[in-house]
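Laboratory data are not the source of any read-out in this text; all were calculated from the coordinates shown. What you are looking at is a predicted structure, and each value in this text was computed from that prediction instead of being measured. Neighbour counts run over all protein chains shown; Cβ positions are idealised from the backbone, glycine included.
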Amino acid sequence: MSKKSILGLFDTPDQGADALDGLHNAGFESHECDVLTGTPYPEGTFGEHVPQHRLFRFPLFGAIIGLTLSIFITTATQIAYPLVTGGKPILSIFAMLIIMYEMTMLSAVVTTVVGIIFESRLPKFNLGAYDTRITEGLIGVVVNCEEKDLPKAKKVFKDSGALDTKEA
Amino acid sequence: MATQTNIAKYSKATSELIGTTTIAPKKIKLIIMILSILSILGIVGIVLKILNGFEDKSAWGYYAATISFLLTTAAAAPMVAIAPTIAKADWVRPITRIASLFSVVGIVTALASIPLIFALPPLIVDETRRRSIWFEATNYSPHVWFALSIFGLTLCGLGLLYSSSIPDLAAMRDHGTGWRKKMGKSLSRGFIGTDGQWKSLKMRIGMMGTFYFLMLMFVNFLFSIDFALSLVAGWKDAIFPMYHAMTSLQSGIAICILAMFFARKYWGMENYIKVPQFWALSKLQLATTVLWFYFFYSAFIVFWYGRSASDQMVINLLIIGPYLPVFLGAFFLEFFVPWWILVWNPVRKSIPALAVVACLVLVGVLLDRIRIFVISWSTYSNEVIHKKFVPEENFPQFMAPSVADIIVFIGLVSLSALIFILSTRIFPLVSVWETHQSLLLTKVVKYVRTHVIAIGKPD
Amino acid sequence: MVTENKESKFKWGMAVDIDKCTGCQACVLACQSENNIPINTEKNFKNARAIEWIRVERYWEGEFPDVKAKFIPILCQHCDNAPCEPVCPVYATYHTTEGLNVQVYNRCVGTRYCANGCPYLVRFFNYWEPEWPESLKNHLNPDVTVRSRGIMEKCTMCIQRIRRTTRNAKKNDEELKDGDISPACVDACPTDALVFGNQKDENSRVTQMKNDKRSYTLLDNLQTSPNIFYLAKIDHDKEESEHHEEGTHH
Amino acid sequence: MQQRRKLSQKQINQELLSGNLKTPKWYIPTMLFLGFFVVTGFAVILYMFNTGLGVTGLSRPVYWGLFITTFVFWVGISHAGIMISAILRLTQAEWRRPVTRAAELLTVFSLLTALFFPLMHAGRPWRIVYWLMPYDFARGIWPNIRSPLFWDPIAIGTYLTGSTLFLYVALIPDLAVLRDRTTGWQKVIYTILALGWRGNPRQWLLQTVAGILLSALMLPIFVSVHSIVSWDFAITPSVEGWHSTIFAPYFVIGAVHSGVSAVVTMMALMRWLWKWNNHIRPEHFDALARLLIVVATAWLGCTFLELIFSVYGREAPEIALRELQIFTWPWNLLFMIFLFTGYIIPVGFWVFKKARNNIVIMFWTSILVNVGMWLERFLIIVPGLARKQPFTFTWEAYTPSLVEWYILVWSFAWVSFLMLLFARFFPLIPLFETKESQVFTSETKIGRATVPVIYREED
């Protein structure tokens, strides 16, 4: 049997939280359920499972790459064609520091952004069960489940006062 | 809105906090004894130094470093209370008192700097005016202005401490015992908490704070230039007063962290000074370590590229000269080690780790002060001061502190610690009225299925 | 941090005896024609864009009627610690092993940063494409590049002459003698105020003049360590009065 | 003090997307007007490329003039974005929310414009590739890492990339809103750009963490960029008035001063053009003005230090320069204008609460600040070159030519053009931050008073 998802739309956060509770009571696992909102709410507002992320590893990783690369570039380009300028040493460490710093930071920022997108599980252009009213303030609760469980979820939504339900 | 439980909370806080002035574990008494002895030794050391005369400037190098250390550390500590208060940060309320209590140390600094003012050479040396920021002003301008400004700063700090503790003194009047009750009565000057009194109190704290900040910058500016920079011929470094002020904030934060740590440990303030306060200060500490490197590098890169005779002299004398190990100590303890420790968020929330970092930073700042002031005072001589730069052959040798220097340092630090501890016998270590304000404005509320901290932001 | 290259036999330098300089501008003219420098029109001078690799600065000293003129020929000082070199982002200027500060026209993108770095103001920017009257076009020196607009140029110590002479000497297996090489300005100087030579040769005239007690370098507090040495003007009046004073003392 | 209005998300969408979902009436005429300057400006630049830099007013000692001044000016303006969005985000200032996007946008576009200037002022701009990056594999000569002019593209490139990515990350949720509201080709583009954003807790959590993490990363970059720009000048020992150690922090604080002022100008324009009175309120101007008073005073302090230390050495060339810069016609006029527009007039207004809350006054004072800040850069760069070293024989003056002035005008038109172009397709006020602010703020009653409350998540 194929996986299906169903979306229930609610007016207030309380109804959304009720629906999520209802789903849990009806035997849905928390990884099967998701809440869609048009704005961030405090963590755990809907009693949802607080997601874990590893975003902080990305900038660290990026910084190491950037630092290594910049040490290599600044050193290698100077040694490859040693030209004396102004009586400064060929490896002018104090000038190299600046470039190392900038490249480290650049690399850290780029990997962080990659990390943000990756950890947000984006891009994923198939929106699944979705409604444009979510960005207008409605709370969407989504269940991904076996097709046979759909009526059960729908009933929970109805009981919690859903304005509308949608399947995809 | 004030329910029964709330009133209980308030009165519990009041009695606990006022109790901090009277708790006297034996340890504190012992510490006070030891500190008193050390302080007396230190004062004797100062007297011996004065008897040796002011002619030999290099003998006063370590003394200047000590004064600078006290000035930068204790005088900057109240800034920890002032800056976040002006920025309306809510985490700062439990620690404003500890921070502003450090202004009493200003008395020690101001008095101890008097011999140094006498030791400072005049503007006109051998009938020729030496380079200074005073240009054509009268001969003893730096001496007079520094004396005025340091006493002004001290008075301003005491004023800040007093005005921010008036409601607490009123609380002591109502709930204290013995002489503290009497003192509370006379000092609180009839504060009963009317709307007008609160308004004028807040305005006074704001104004005193701003004024204190400006005075602190001014004192740093004068002290760093007149007592270090202008004693070295050819040292022209516009960022130096800012560097001095910044390291001063750095050590101010460090000493606050340390004081908070001890307040938790010996005064039982675990329920008032908590992780958020340490966390917030640790972020500031991290910022200052980075700023240390930034300010240092801004000057260094300019000298390194500029390479004129005086530029090179600055590097050779102050960085890679005979005091290189001291400089490296300052570099590692003010920047490198604390930075590496503090970048990790879990460390920033661990109180013992922060206390260790604070100690490291304080040692680093001390080494930095030794580097700057000992070099400046031992480089100064009437022959060299009028030259465009200090020639290599006039560079001083590394000078270890004499026994008198060490005694004076320990004595002055002990005296500062002593006066601080004694002042905690008068003022509650955590501000009572600000604790009440926190209780009133900050609470945990339920939000759908979770809890959030609701922070009231009046005005 | 002066880097003396030990491999090279040469470290070129020039000595300028201010006492001998009459301010006749012959050096300026010779340089102009040797190095294909475009003609400095009145307009160029007015816009302060004239290109003179060597210029004679004239300073008046004293009060009327007791006024003295002092002439200082100023050309690129070929500093060992040249402030112009490290600031170029593309290595268009660097220090050769023979102690010359050279400009690589091909590399130059014209940021003019080197000119800001130069305290002696001896670096010139081509604001326009250079132009010569038709009659002069065949007079250009074939050994010297004509610089296009948008790049910096400066005194090369007539590097084309240095190269030619050393090459010929090597070909003929001869030792280079002091005075074999001379830049155009040195050639043109009627009073022998300019002397060019190898500083590594102890006996060369330039080394001797460099070690003269009158010798100094321009703006020495910047510690650029130039390779052009100036010999101070002898002020006879002053000397006499000093003699006089000494006489009265004893 | 604050009139908070509860707006539904639908209302927020409607109000803030008003300029995106349909074209406002004033839009096309304005764009045509700006477009005229943009096109003719590019024509002038091409003319300059074709004829040579002779068309400028530059001369022998004054090799850098209006172009570099304008470069520094735009880099300075670019410091607005990170100042507002990073520092205020890290300090959790609630009032930052409506301004962050526009400020970041100003960063991106002003940096883009700033980059034009050093490149177009190069003698052979068609050859700059091997200046900007190590590419010359054939000859094996790489960029000179010792040159500050090579640090510049690296620093600005880092800052530009970083702030563009920062802008984009914070734009993703709003792109999803636009995706849901548009049809046709626009929807396709928004769909691709929104990357399939749905708004589940995971994505929102990452969005919040990203804001803090990227702010923390961008902050050091922000400081380094203008410091590096300042070192273009400061490391040169040959130019009097450039070789100062304070330049790095001085430039950074000045940049914040001009950048935040530019944000104020922009906020006033946003309020007037799109009628966003519900979102950009007088209290925002008030908060920014209070921030600006602090920044401006710190900046004035740096100016003071710079001036003091320039004459501190008592050297003739330096004094000659200051005489030209401050006392000689016409520089003295420029200096006075700089002092009055950069500090005295604006701060004189800002100390009054009424002026801070008056949008017309804020608009004009913020423009004055930027006039002053442009002049500041001009007064640093040009007089130093005009009075270079003791060779009085080669002292010169500088008058910018018409071409240079036109390119200056072009740069303003170009930045405004890009901003308006962006504003047509993307929301200038972040929708999700506005909505978040509705969720995270509330009110509570204490006695009879209504106190605004901010919710913070528990750690």
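Going down the table (A:K88/B:K57; C:K20/C:K200; A:K158/B:K443), which pairs top 28 Å between alpha carbons? Mind dumping the intermediate values first?
On the way: A:K88/B:K57 37 Å; C:K20/C:K200 25 Å; A:K158/B:K443 35 Å.
Among A:K88/B:K57; C:K20/C:K200; A:K158/B:K443, the Cα-Cα distance tops 28 Å for A:K88/B:K57; A:K158/B:K443.
Please compute the Kirkwood hydrodynamic radius over chain A, one decimal place, Å, based on all pairs of different Cα atoms. Hydrodynamic radius (Kirkwood, Cα pairs) of chain A is 19.6 Å. Applying a DSSP loop filter and a limit of 12 other Cβ atoms within 10 Å to the trypsin sites (Lys or Arg not before Pro) in the stretch A:1-105 leaves A:R54.
Around the Cα centre of the stretch D:9-454, unit charges on the Cβ atoms of Lys, Arg, Asp and Glu (plus for the first two, minus for the last two) sum to a dipole of about 1300 debye. Across the alpha-carbon set of the stretch C:132-228, the Rg to Rh ratio works out to 1.03, Rh being the Kirkwood radius.
Using only Cα atoms, find the angle between the long axis of helix A:93-119 and the longest principal axis of chain A, and express it within 0 to 90 degrees, rounded to the nearest 10. The two axes meet at around 20 degrees. The overall shape of the stretch A:57-119 is prolate: from the C-alpha gyration tensor, with semi-axes ordered a ≥ b ≥ c, the ratio a/c is 1.5 or greater and a/b exceeds b/c. Exposed loop positions in chain B were taken to be GluC sites (Glu not before Pro) whose DSSP state is not H, G, I, E or B and which have at most 13 other beta-carbon atoms within 10 angstrom. Between these positions, the longest stretch is B:137-269.
What shape does the stretch D:352-409 have by the C-alpha gyration tensor, where a ≥ b ≥ c are the square roots of the eigenvalues, rounded means a/c under 1.5, and otherwise prolate means a/b greater than b/c and oblate the rest? It would help to have the intermediate numbers written out before the result.
Values: a/c = 6.37, a/b = 2.29, b/c = 2.78.
Oblate.
Scattering from the stretch D:9-454 was approximated by placing one identical point on each alpha carbon and applying the Debye formula without solvent; log10 I(q)/I(0) at 0.08, 0.10 1/Å stands at -0.50, -0.77.
Mean per-residue shielding of peptide D:360-370 is 0, counting Cβ atoms of other chains within 10 Å of each Cβ.
Would you mind getting me the FRET efficiency between B:E383 and B:E136? Use the beta-carbon distance for r and R0 = 25 Å, nearest 0.05. The partial results should precede the final answer.
Details: r = 23 Å, r/R0 = 0.93.
With R0 = 25 Å, the Cβ-Cβ based efficiency is 0.60.
To the nearest 10 degrees, how steep is helix D:27-51 against the longest Cα principal axis of chain D, on a 0 to 90 scale? The angle comes out at about 30 degrees.
Across peptide C:71-81, the mean count of Cβ atoms from other chains lying within 10 Å of each residue's own Cβ comes to 1. When chain D is described by a simple charge dipole with +1 on each Lys and Arg Cβ and -1 on each Asp and Glu Cβ, the residue from D:W26, D:I361, D:F36 located farthest towards its positive end is D:W26.
Any idea what the relative contact order of the stretch A:57-119 is, in percent, if you count C-alpha pairs under 8 Å spaced at least 6 apart? Averaging sequence separation for qualifying contacts and normalising by length gives 58 percent for the stretch A:57-119. Among the chymotrypsin sites (Phe, Trp or Tyr not before Pro) in the stretch B:340-419, those placed in a DSSP loop whose Cβ has at most 14 other Cβ atoms within 10 Å are B:W344, B:F398.
Could you work out the per residue convex hull volume over the alpha carbons of chain B, in cubic angstrom?
On the way: hull volume 75.4 nm³, N = 459.
Measuring per residue, one finds 164 Å³ for the Cα hull of chain B.
Here the mean projected area of the convex hull built on the C-alpha positions of the stretch B:1-146 is 14.0 nm².
Highest average first, the peptides B:211-218, D:446-453 ordered by how many other beta carbon atoms sit within 10 Å of their residues are B:211-218, D:446-453.
Since only B:W339, B:A400, B:I82 are under comparison, the one whose Cα sits farthest along the positive direction of the charge dipole of chain B, derived from C-beta charges on Lys, Arg, Asp and Glu, is B:I82.
Based only on Cα atoms, what mean projected area does the convex hull of the stretch B:311-459 have, in nm²? Don't skip to the end; give the middle numbers.
Numbers: hull surface 64.9 nm².
Approximately 16.2 nm², given one-decimal rounding.
What is the helix-to-structure angle for B:61-86, meaning the angle in degrees between its Cα long axis and the longest Cα principal axis of chain B, kept from 0 to 90 and rounded to the nearest 10? On a 0 to 90 degree scale, this one is about 40.
Within the stretch B:209-322, the percentage of alpha carbon pairs spaced more than 22 angstrom apart rounds to 49%. Ordering of A:25-34, D:343-352 by packing is D:343-352, A:25-34, highest average first (other Cβ atoms within 10 Å, averaged per residue). Convex hull volume of the Cα atoms of the stretch C:15-148, normalised per residue: 156 Å³. Rg and Dmax of the protein assembly as shown, based on Cα coordinates, read 35.1, 124 Å. With N the number of residues in chain C, Rg(Cα) / (2.2 N^0.38 Å) evaluates to 1.09.
Treating the beta-carbon of each Lys and Arg as +1 and of each Asp and Glu as -1, no other charges, what is the dipole magnitude of the stretch B:25-420 about its Cα centre, to the nearest 20 debye? Walk me through the numbers before you get to the answer.
Numbers: 32 positive and 19 negative charges, 380 e Å.
Charge dipole, the stretch B:25-420, about its Cα centre: 1820 debye, nearest 20.
Residue by residue through D:443-450, how many Cβ atoms from other chains fall within 10 Å of the Cβ on average? Don't skip to the end; give the middle numbers.
Details: counts 1, 6, 1, 6, 2, 0, 2, 1.
Neighbouring Cβ atoms belonging to other protein chains average 2 per residue here.
Our compactness index for the stretch D:305-419, the C-alpha radius of gyration over the empirical 2.2 N^0.38 Å, is 1.31. Here the relative contact order of the stretch B:25-420, from alpha carbon pairs under 8 Å that lie six or more residues apart, stands at 30 percent.
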